[in-house]
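Taking it in order: structure first as structure tokens, then the write-up.
The values are calculated or read from the model by the stated rules, or taken from the named source; none is laboratory data. Computed from a predicted model, the values in this text were never measured in an experiment. Because the Cβ atoms are built from the backbone with ideal geometry, glycine has one as well, and the counts that use them run over all protein chains shown.
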Amino acid sequence: MVSKRKNNRAWLLVTPMVVMVAFSAIVPLMTVVNYSVQDILGPEMRVFVGFEWFRKVLRDPELHGAFLRQLLFSFAILAVQLPLGIGISLLMPRQGWRSSATLVVLSLPLLIPWNVVGTMWQIFCRADIGAAGAALHGMGISYNYTANPVDAWLTVVVMDVWHWTPLVALLCFSGLRAIPDAYYLAARIDGASPWAVFRYIQLPKLKNVLVIAVLLRFMDSFMIYTEPFVLTGGGPGNSTTFLSQFLTRLAVGQFDLGPAAAFSLIYFLFILLFCYVFRVIMTRPDEG
Amino acid sequence: MAEITLKSIAHSYSASPGSGDYVLRDVDLKWRDGGAYALLGPSGCGKTTLLNLMSGLLRPTRGQILYGDRDVTDLDPRARNIAQVFQFPVIYNTFTVFENLAFPLRNRGMRGSDVTRRVERVAEMLELGSLLKQDASDLTADTKQLVSLGRGLVRDDVAAILFDEPLTVIDPHRKWTLRRKLREIHREFRHTLVYVTHDQTEALTFADEVVVMHEGRVLQQATPEELFANPAHTYVGYFIGSPGMNVLPCRIEDGGAVIAGHRVPLPAELAARAAGRAGTLELGIRPEHLVLGPPEGGVPATIVFVEDHGRFQIASATLGEGATKDAAPDGAKAAIKLKLPPGAPVAAGQTCRLGLPPERVRLYEDGRAILGTSPATTPTTSPATTPATTTAAGTGD
């Protein structure tokens, strides 16, 4: 009896949270599910179409293009940001005012709103008035992110690297700080080279924070919208149109709510699946 | 392997040290090849710093370190070829036990069957043979510490193996086993071992010779029994033994020492040497050496408190006639501790006389021993005869 009453009290405490989550996540998600299986012809005219929209969206060549670009983008920025972030964290001073100063400087890009980042880089890279764009021109390098797809890509990637590498670096720095000094001392006694210290002491200790870094950066970059939207508007052509921009065009531009909803769900499930698989693979040896 | 010499070593962690910044001052030591040494002192006395200087993890601010005739002061640990085991076990988590043990060899470019042969030999010595294929991260703390030790032993040409309080994280009942294992390994392979600890039991049972440090200085380097019998400094007297030596202010008067207004006879030679000294004189006597109710003479005392430890009793007393626990009219009263066999007739409140056998009394001027008699025990005595009272009483905090 007593334990049963306690259980009921627990419900009371949990309910506010459940209600909050319901309104913030479950209800909107269910609305999307609702849209994804109906053809909405007018405010009062809806037809149930089953998985029609899913089939249609999955066969859309434009979406295939956006999907591939998105994957390429996410893996490109991971390939740059992880090694660079680790490298920066290894070079960061470990204590004293230099350490604090480095931390503040590194955190600055993280504090800038996304659309401001886009705007900054849009101006920064302009050939006529932007510091970087003009400098490249001055060196005789032809560079124009509004006309050349390769240049546009490079700009988007460099912008993201500038914006988010500090996050990876800060995570790794915290991981490195957690290594007791005795490990470094023992490595010196054992005659380990700097590479061996990195490979066998630092990298294993960084594994956990790197898993978090990869998850965060993958999810975030897979949903990137604002920066390319401000910088290139998805162009030139479709060359920097990533998934979320494609989705926005579908939902808001063309007002195809059904296909957009179906695609949203596929998008959501893909990120979920990727992150889950990644996490399982990376954390398995620890639990064994 | 070689003799290790420290020549007037001073060290400060500050880049531009003032006179108060030194953690080590003027340390001169010689570690014989193949000796088992303990470096004993309270936390913060500079033991670990001294160890790190010897292994090359630190460069001394001043002074010189020699391995044999070779000056290694500016060499890093890799070039010095020395082994060190730390307070907390350090193992390479991604490695198996085998790979952990092979790591120092592979770092020095050794490959193939040479590595396997040496690792297997060390594993057998430490009884790790069955664990070689296991992931090192799964081991218990004491086994990890064995692996750390193994990484030192696997290079059989190391100059010395240094231990920095290696048993801190080990279960009490495993400490004893590990310490015995260290002794065995020492007997078999005759590496020079230097063992840092703040625990006198550990130091006295491990080492042939103990170096007692305090506030960055070496106070005494001697065998355990010599430390017990003839502390060179009152601090050594306090620190070694449980309870530590009684140290009482005294003055010298016609061939005897006067404590609490009563004359204690001294050996003639000691009294002669102590007479006329300008510094503060103190008399030291071990609680074990006090005689309760001597046949003749003695200093009157009142027992204040008795602790029964089962195998012995410790009585606290105040010296002087009619002294009570609270009354100390002229400083004549002094507290003193006695270590008595179980069942000795002693009770709180009892008045008695305490005998101080002349041959057991030591005199100190400003903390330093006044040598009067030839040492009661010579440093060549076997360490197996450590005074039983010392080992039995060591609580090992």
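Working carefully through the options A:Gly237, A:Gly233, find the one that is in the same structural domain as A:Phe173 (by TED's automatic domain parsing), on the phi > 0 side of the Ramachandran plot and touching a residue at least 40 places away in the same chain (Cβ under 8 Å). Even if it seems obvious, please write down each step before you answer.
Details: A:Gly233 fails: touching a residue at least 40 places away in the same chain (Cβ under 8 Å).
Among A:Gly237, A:Gly233, only A:Gly237 is in the same structural domain as A:Phe173 (by TED's automatic domain parsing), on the phi > 0 side of the Ramachandran plot and touching a residue at least 40 places away in the same chain (Cβ under 8 Å).
Taken over the range B:190-207, the criterion of being at pLDDT 90 or above and surrounded by fewer than 22 Cβ atoms within 10 Å (Cβ to Cβ) is satisfied by no residue.
From A:Ser221, A:Ser174, which residue is surrounded by 17 or more Cβ atoms within 10 Å (Cβ to Cβ) and more than 14 Å from chain B (Cβ to nearest Cβ)? Explain how you work it out, then say what you get.
Numbers: A:Ser174 fails: surrounded by 17 or more Cβ atoms within 10 Å (Cβ to Cβ).
Just a single option satisfies the conditions, and that option is A:Ser221.
I'd like the full set of residues that are within 12 Å of chain A (Cβ to nearest Cβ) and buried (at least 18 other Cβ atoms within 10 Å of the Cβ), limited to the range B:60-77. Once the filter is applied, which keeps residues that are within 12 Å of chain A (Cβ to nearest Cβ) and buried (at least 18 other Cβ atoms within 10 Å of the Cβ), the range B:60-77 yields only B:Pro77. Just wondering, is there one or more residues in the range A:201-210 that are more than 30 Å from B:Ala159 (Cα to Cα), away from chain B (no Cβ under 14 Å) and touching a Lys or Arg at 6+ places or on another chain (Cβ under 8 Å)? There is no residue in the range A:201-210 that is more than 30 Å from B:Ala159 (Cα to Cα), away from chain B (no Cβ under 14 Å) and touching a Lys or Arg at 6+ places or on another chain (Cβ under 8 Å). Screening A:Asn144 with (1) farther than 25 Å from A:Ala66 by Cβ; (2) away from chain B (no Cβ under 14 Å); (3) not hydroxyl-bearing (Ser, Thr, Tyr) gives one miss only, at (1).
Scanning the range B:7-61 for residues that are touching a residue at least 60 places away in the same chain (Cβ under 8 Å), assigned to a strand (DSSP E or B) and either of a type in the set (A, V, I, L, M, F, W, C) or not assigned by TED's automatic domain parsing to the domain that holds B:Ala83 (or both) turns up B:Val23, B:Leu24, B:Val27, B:Leu29, B:Trp31, B:Ala36, B:Ala38, B:Leu39, B:Leu40.
From the residues in the range A:43-70 that are among the aliphatic types (A, V, I, L, M) and out of contact with any helix residue (DSSP H, G or I) (no Cβ under 8 Å at 6 or more places or on another chain), which one is farthest from A:Ser239 (Cα to Cα)?
Applying the first criterion (among the aliphatic types (A, V, I, L, M)) to the range A:43-70 yields A:45, A:47, A:49, A:57-58, A:63, A:66, A:68.
Next, from what is left, pick out any that are out of contact with any helix residue (DSSP H, G or I) (no Cβ under 8 Å at 6 or more places or on another chain): A:45, A:47, A:68.
On the way: A:Met45: 37, A:Val47: 35, A:Leu68: 11 Å.
The residue in question is A:Met45.
When the helices (runs of 4 or more DSSP H) confined to the range B:86-189 are screened for residues that are surrounded by 15 or more Cβ atoms within 10 Å (Cβ to Cβ), away from chain A (no Cβ under 14 Å) and under 22 Å from the mean Cα position of the chain (by Cα), those reaching at least 2 such residues are found at B:172-189. How many residues, within the range A:260-279, are modelled with pLDDT under 85 and either over 18 Å from the mean Cα position of the chain (by Cα) or under 15 Å from A:Ile40 (Cβ atoms) (or both)? Residues that pass the stated criteria total 0.
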